[in-house]
Each structure stands twice: as structure tokens, then as C-alpha cells.
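Student: Once you've had a glance at the structure underneath, I'll fire off some questions.
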Amino acid sequence: MNKLCLLLLGLSLPAAATDWPHFLGPTADGVSTETGLIDAFPKSGLKPLFSKRIGTGYAAPSIRDGKAVVFHRASKLYKVEEGDNFETVVKYVNAELAALMAKERLTVEDLQKSLKDTTRRVPRGYIPLPEAVAKHLDVEVIDCLDAKTGNLIWRHAYPTGYEDPYGYNNGPRCAPLITKDRIYTYGAEGVLICLDFATGKQLWRRDTHKDFTVIPNFFGVGSTPVLEDGLLLTMVGGQPNSGMVAFDAKTGKTVWTSTGKQTWDGVAKIGWPGEPRMIWRGQEKMASYASPVLATVHGKRVAFCLMRQGLVALDPKTGKEYFKRWFRARVNESVNASNPVVIGDQVFCSTAYSGDGSFVLKIKKNLSGYTEVWSDHQRRVQADNPRLDEVLGLHWMTPIIHEGNLYAFSGRNEPDASFRCVEFATGKLLWNQDEAWQKYGPPSNKYGRGSFIQADGKLIVLGETGKLGLFALNAKKPEELGAYQVPQLRYPCWATPAMADKRVYLRSEAYLVCYDFAKER
């Protein structure tokens, strides 16, 4: 896809067709226009172009102009991986210290002594590092790498104190956003930073949790910002009406704020017993883990923001609300984390909690509201069966739409996982492949839940177990063309894969791995 095509689509980030400059790729939907990709995996398995140990996090990599940008955390607690020993730990930590320009270095003896002397409780799977080197760590790190080799070009880092209250890793969750000359990142504590792409020099910074009245979310910040006409649309979650904030992309200054009490106070809680009205108390979490989605609907640009309380459609220039639709699970410990999908004048949303499932809305021509095309809630009402299983319950993955069908991994947890194809227009389940597994059981050959890239008539699949797959886009049945357990990757692989110049980039909590998917070079 050339630059003219991107402009015709109304996108604000023109980049080369072989780039993957932000979350979910050049068109922000997981679709690549690259062709000439492999149709199967070699019998001997795939050989990586490079494999690189990195810090913790769930942020997907972004690639532009031959550079890959990885957002992760260098921590005082080292995450132990299969194959680690004292020497490999020391080698990795010292490389991190060198990249951070620290003078101190770790030795095997110091590490052994630290393990022996530590009295504090350490999370399972981690080991504490000696204070002499640990003082340089617990930093969120933006690494700019050579996209072909993984070699470090520059690094920018800043301190962080974020600790996940539920025991998940403490690294950042949001993918970097790259333009021709800038990089934007959004850390787990709400630090929004703009860097010079060439040098890594900081151009501006906003501490959103200090600048706004933010009620901390369950797992830190996890909604990647999007760029539209010089505005960085960011899900801040500030009370009372700063759920969404537009920052000037050049300066970082606030341009507009929108959504919150004015949006949800008094709104009916669709799908809840009796559908009670929302009473806004000022202590509500507002941000979700889904990113805003930009689309042109009925000739106007619209930002679809799936917040914690539900879907809000905004004018990206002003923050004006067009319409909203309540969509929050009844259980408090729940999140919305799957991006809305917009096709023409219809929008699809899904969640994995409380069986709330999915819906498709048809948007009115004046953008003032919608009619419901189908929903799992509506299906239950029509069937007079409140226990009817949802057709899709998407946790953190965003589905692929191809020829009117949704391809997605459904399920809140590992035992619920399934790979499904569903008709977009009706919600009809076309096929289902069981992917259930137990993360504390024996090694599994399942994908579990996963994420996709659509390219060259195929789906490139990364399962949360580290299993890499290749599937044909077939609405009649699941058609696996190849499967390979990536040796370096272990559960949980929750970052979406990325692809640039026919190279596929995969990350886990500890590794970045790159494979060449080109048939020929």
C-alpha cells in the first residue's frame, strides 16, 4: 500500500508499506499488505534472524525505517527463564548496566551472595539483584534497535516504581508509536514521553497521573495512544471528565479533555439485572486496555474509545461526544482490552468477563446514535436463556476481519480458550477450534489465546504459549498450514506480533525473537 492509498483511507501516519510503526500495524487493524511470504514452516523448524533477551513487559514492538523500537523494563528483580544459570544472568545484567551507562558490574560471586543473604519475599520466578547494581534498575526503557540484527542503536530510560497488584509483570503495556521523526511511549504509571527518533533525546514529557485526577487501574496503564492531525489521543482516565485527553503531539500541551461523569452518569447499565442507572461517585476507574480506533464514518472522522464503562464515539478534533453504549461486566475485577473493529458504518466490540460477549452496532448517519445489529445480550433475551454461551468473548486480542468474517481467540482464561470464526453481520459461529489448556499443568501443544497478523492470504498466529502458527483464511474450517513452538518463548506471550519487510517480530516477558518470512531475498 503506497502513501496515496494511506491518505485515501484517512490515516494520519503515512509510512512505507513494509513498516509497522504503531500498535497493530500501518492500518491499525493487524493487516499487512506484504506478499511473497512463506506458505509453510520448514520441517527442521524456523531459524531466528536474531533472539534478544529483553526486560519485562507486554508492549508490542514497532518498526520503521529499518529500526525496531522495544519498550520494556529493566528491573531489580531478574525474571528467570529456562536455560538460565549464574553466568547467563550476569552477562545479561551487565549488558543492561552498560546500556544504562552505569559503571558498576555484577559478578557471579555477588549474585550468589545476594541470593543467600536476601530475607525479603520475592515473587515466584524472580531473583533479587545486589543493591550495588539494583540501584540503576527499575527503569522503563525505550530501546531503538537495528531491525535486521537486534543491535542497540540508542536507549532512553527513566525511573519507575510501578508494581502490579495482581502479580503480573511490572513492565510497560503500550506499544511505541513512531512517526517520521518522533517516538511516543506511554508507561505503566502513565508517563507519556516524546523522543527524537534519530537520537532518543527527550522532547517532552507528561506525568498523566500527576497532571490529572486518575483512579489507578487494575494492571497499570495499557491503552496505546493514537495520532490524528497533530493530536495524540490518549486514554488517561482522569476524574471527573478527562477519560480521554488530546495532547499537542509537538509540545505535549493539553488541547481537549472528554468523557467521564458527563458521559455515564444516569446511563442504563445494559445487560445488568434490571438495567439500573449509573450513579457517578467520582471514584470510578475510567481507562481500559483497549486503544482508541480512528475511522471515517458517514464522511466524518470518529475516534471509537472502548473505555472501562463502555464505548464512546468522539470527534477527534474537539472531543465532542457523538454517542455512547454501556458495556461493562458486572464483576468489578474486569477490564475491556480488545480494540473496537469498524467496518463501514458498523462497529464491533467484545469483552471476556461475565459472559457479556460481543455486539455490533449500526451507526446513524448523523452520528447521534446507533441501532443494534446483534449482541450476545440480545441473543439471550430472544432465547429466554440467560446462560446461553457468548459467541465471542475476547480478552486482550483484536480480531481480524476478512471477507465479512471475524477470526479471533475467545476466552477469559486459559481453560476457556478457543479459536473461532464468526460471521460479522449476524454473529453466527462458523467454526470453533478448542485451545483450552492449563498453565500450571504439563507442557501444552495448544496455542491457548493468541494474536494475529493477516498477510498474503494467511494468518500468522502467536499463541500465549509461545506457539507460532500459520493458518489459511478459511471460513469453512480451521486450516493450519504450519506450527512451531518457539524455543525462547514461554507463557505469557500476550504482546501482538509485528511484521516489517517480511520479518516477523515476537516477544514474551523475556525475549524478542525475529524470523524471516520471505520466500526469497
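Only the coordinates and a few stated rules stand behind these numbers; no lab work does. For clarity, every value in this text was computed on a predicted model and none was experimentally measured. All Cβ positions, even for glycine, are placed from backbone atoms using ideal geometry, and neighbour counts span all protein chains on display.
Student: If you take the square roots of the eigenvalues of the alpha-carbon gyration tensor of the range 96-255 and sort them as a ≥ b ≥ c, do you get rounded (a/c under 1.5), prolate (a/b over b/c) or oblate?
Tutor: In terms of gyration-tensor shape, oblate.
Student: Which aspartates and glutamates, if any, have their Cα less than 14 Å from the Cα of Lys439, not counting same-chain residues under 8 positions apart?
Tutor: Glu414, Asp416, Glu464
Student: About the Cα centre of the chain, what is the dipole size in debye to 20, counting +1 per Lys and Arg Cβ and -1 per Asp and Glu Cβ, all else neutral?
Tutor: Computed charge dipole of the chain: roughly 560 debye.
Student: Select from Gln202, Ser410, Gly150 the residue farthest towards the positive end of the dipole of the chain; place +1 on Cβ of Lys and Arg, -1 on Cβ of Asp and Glu, and compute about the Cα centre.
Tutor: Sorting the options by dipole projection puts first Gln202.
Student: For Lys364, which lysines qualify as cross-link partners when the Cα separation must be under 17 Å and same-chain residues fewer than eight apart are set aside?
Tutor: Reachable lysines: Lys300, Lys320, Lys324.
Student: While we're here: Can you tell me the equivalent ellipsoid semi-axes for the range 225-343? Use √(5λ) from the Cα gyration tensor, largest first, whole Å.
Tutor: After diagonalising the Cα gyration tensor, the semi-axes are 24, 16, 12 Å.
Student: Would you work out which of Tyr289, Ser51, Thr371 lies farthest towards the positive end of the dipole of the chain, given +1 charges on the beta-carbon of Lys and Arg and -1 on that of Asp and Glu, about the Cα centre?
Tutor: Thr371
Student: Ok, one more. Mind checking which of Ile343, Tyr353, Ala313 is farthest towards the positive end of the range 248-372's charge dipole, using Cβ charges of +1 (Lys, Arg) and -1 (Asp, Glu) about the Cα centre?
Tutor: Final value for the positive-end residue is Ala313.
Student: OK, next. Can you give the relative contact order of the range 312-416 as a percent, counting alpha carbon pairs under 8 Å and 6+ residues apart?
Tutor: Reported as a whole number, the value is 21 percent.
Student: Turning to a different aspect of this structure: If you stretched the chain out fully between Arg105 and Thr426, how much longer would it get, using 0.36 nm times the residue separation minus the C-alpha to C-alpha distance?
Tutor: 109.5 nm
Student: What is the dipole size for the range 232-288, taken about its Cα centre, with +1 at each Lys and Arg Cβ and -1 at each Asp and Glu Cβ, in debye to the nearest 20?
Tutor: Computed about the Cα centre, the dipole is about 80 debye.
Student: Right, here's the next one. Can you give the helix-only mean residue ellipticity at 222 nm for the chain, where every DSSP H stretch with n ≥ 4 adds -39500 (n - 2.57) and the sum goes over all residues, rounded to the nearest 500 deg cm²/dmol?
Tutor: -2500 deg cm²/dmol
Student: For Lys269, which aspartates and glutamates qualify as cross-link partners when the Cα separation must be under 18 Å and same-chain residues fewer than eight apart are set aside?
Tutor: Partners found: Glu284, Glu333, Asp356, Glu372, Asp376.
Student: Set the bar at 31 Å for Cα to Cα. Now go through Lys201/Lys317; Lys79/Lys477; Lys135/Lys201; Lys76/Lys446 and name every pair that lies beyond it.
Tutor: Correct reply: Lys79/Lys477; Lys76/Lys446.
Student: Looking at the range 139-217, which chymotrypsin sites (Phe, Trp or Tyr not before Pro) are in a loop (DSSP not H, G, I, E or B) and have at most 14 other Cβ atoms within 10 Å?
Tutor: Hits after loop and neighbour filter: Tyr166.
Student: Rounding to the nearest 10 and keeping the result within 0 to 90°, find how far the Cα-based axis of helix 86-99 lies from the longest principal axis of the chain.
Tutor: That works out to roughly 70 degrees.
Student: Could you sort 420-431, 509-520, 93-104 so that the peptide with the highest average Cβ count within 10 Å comes first and the rest follow in order?
Tutor: 509-520, 420-431, 93-104
Student: Any idea what the relative contact order of the chain is, in percent, if you count C-alpha pairs under 8 Å spaced at least 6 apart?
Tutor: Relative contact order of the chain: 14 percent.
Student: How large is Rg/Rh for the chain, to two decimals, with Cα atoms and a Kirkwood Rh?
Tutor: Computed over Cα atoms, the ratio is 0.95.
Student: Let me ask another. How long are the semi-axes of the equivalent ellipsoid of the range 355-477, taking √(5λ) for every eigenvalue λ of the Cα gyration tensor, in whole Å from largest down?
Tutor: With the √(5λ) rule applied to the range 355-477, the semi-axes are 27, 19, 12 Å.
Student: Here is a follow-up. Tally Lys and Arg at +1 and Asp and Glu at -1 over the other residues with C-beta under 11 Å from the C-beta of Ala99: what net charge comes out?
Tutor: Around Ala99, the charge tally is -1.
Student: Run the numbers on the range 384-459 and let me know its relative contact order in percent, using alpha-carbon pairs under 8 Å that are six or more apart.
Tutor: Dividing the mean separation by the residue count of the range 384-459 yields 24 percent.
Student: Here's something else I'd like to know. Is there a quick way to get the dipole size of the range 30-72? I mean about its Cα centre, with the Cβ of Lys and Arg at +1 and of Asp and Glu at -1; what is the value in debye to the nearest 20?
Tutor: 260 debye
Student: What net charge is computed for the residues neighbouring Glu509, neighbours being all others with C-beta under 14 Å from the C-beta of Glu509, Lys and Arg scored +1, Asp and Glu -1?
Tutor: +4
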